[in-house]
1. Report the residue count in the stretch 90-144 for those that are of a type in the set (A, V, I, L, M, F, W, C), part of a loop (DSSP other than H, G, I, E, B) and under 27 Å from L161 (Cα atoms).
2. Just checking, does the stretch 78-91 include any residue being modelled with pLDDT under 95 and open to solvent by less than 40 Å² (accessible area, probe 1.4 Å)?
3. Looking at the stretch 102-115, which of the residues that are under 15 Å from the mean Cα position of the chain (by Cα) and open to solvent by 20 Å² or more (accessible area, probe 1.4 Å) is nearest to G142 (Cα to Cα)?
4. Taking strands (runs of 3 or more DSSP E) that fall entirely within the stretch 167-221, which contain at least 1 residues that are under 19 Å from the mean Cα position of the chain (by Cα) and loosely packed, with under 11 Cβ neighbours inside 10 Å?
5. Being open to solvent by 60 Å² or more (accessible area, probe 1.4 Å) and more than 21 Å from L210 (Cα to Cα) is the filter; apply it to the stretch 130-147 and report the residue that is farthest from the chain's Cα centre (by Cα).
6. At pLDDT below 95, under 23 Å from S101 (Cβ atoms) and assigned to a loop (DSSP other than H, G, I, E, B) - does that describe any residue in the stretch 27-36?
7. Looking at E159, E167, which is the one that is of a type in the set (D, E) and out of contact with any Pro (no Cβ under 9 Å at 6 or more places or on another chain)?
Amino acid sequence: MNDFARLRRTMVDNQVRTYDVTSRGLLAVLEDAPRELFLPEGQEDLAYSDQNLVFGDAAGGRYCMLAPMILARLIQALDIAPGARVLDVGGGFGYSALIMSRLGAEVVAVAGGQELAEEARRRLEACQASGIDVVIGDVASGHVARAPYDAILVNGAFEVLPDALKEQLSDGGQLAGIDGASGAGKAVVYRRSGVSFGRRALFEASAPILPGFAKAAAFDF
């Protein structure tokens with residue numbers, strides 16, 4: 001049986017710290033949070049590998065747990081402060097929501113179906129997580145009922161980023177995810193300023209396209 005505490009320390013020291021993640025608070029949370037509890041049964045031994053872990057196919061895309069260094073840098077870029085209202089999009093069984101809640105955020109996690117939501121709630125409860133509300137809905141639509149959000153995390157890649165999702169940001173709020181429109185993925189952050197949205201590229205990254213974030217199919221006649 002794996003010593004998951006040791007694997008967490010190794011992940012933080014060898015993957016996350018060496019990938020320009022410098023937030024002490026985030027590093028401490030990553031070293032403590034049981035990533036292995038948020039994977040499908042039988043995949044626990046992969047929890048601390050440096051790869052995206054796919055949960056399964058869904059209409060229009062796939063859900064995954066982002067590689068530790070990618071997830072850590074996206075969360076760091078959001079600069080989450082205690083008390084921030086955060087929307088977690090496509091976060092699978094809830095690991096990313098747990099990380100952000102332990103940074104002090106109030107998290108709304110959008111799950112793409114009843115089964116996924118129930119699994120996320122069960123696993124979060126096992127970790128005695130607080131400050132997380134798992135809701136069911138179309139992940140590309142976010143959760144407008146609780147908007148605006150100070151930060152939005154998109155747990156995967158998008159070819160098209162819906163305007164409806166960006167509009168759920170508060171003024172000064174930020175959205176982080178992976179732009180896969182050009183084929184060569186790049187982690188990016190959008191920041192809202194009034195009615196405008198600035199965009200900043202962070203680093204090269206790849207991930208599966210999330211359901212609802214793919215380009216519409218083109219038809220030739």
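1. The qualifying residues number 3.
2. yes
3. Filtering first and then ranking leaves G112.
4. Working: elements: 169-179, 186-193, 196-204.
In the stretch 167-221, 196-204 are the strands (runs of 3 or more DSSP E) which contain 1 or more residues that are under 19 Å from the mean Cα position of the chain (by Cα) and loosely packed, with under 11 Cβ neighbours inside 10 Å.
5. A145
6. No: zero hits.
7. E159
Every residue, every condition in (1) over 23 Å from V21 (Cβ atoms); (2) among the hydroxyl-bearing types (S, T, Y); (3) touching a residue at least 24 places away in the same chain (Cβ under 8 Å), yes or no:
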{"position": "N155", "(1), (2), (3)": "no, no, yes"}
{"position": "D163", "(1), (2), (3)": "yes, no, no"}
{"position": "Q168", "(1), (2), (3)": "yes, no, yes"}
{"position": "A184", "(1), (2), (3)": "no, no, no"}
{"position": "F197", "(1), (2), (3)": "yes, no, yes"}
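The values are calculated or read from the model by the stated rules, or taken from the named source; none is laboratory data. Since the structure is predicted, the reported quantities are computational estimates derived from the model, not experimental observations. We place every Cβ from the backbone using ideal geometry, glycine too, and count neighbours over all the protein chains shown. These accessible areas exclude ligands, DNA and RNA; they are computed on the full protein's heavy atoms, side chains included. Shrake-Rupley method; radii C 1.70, N 1.55, O 1.52, S 1.80 Å.
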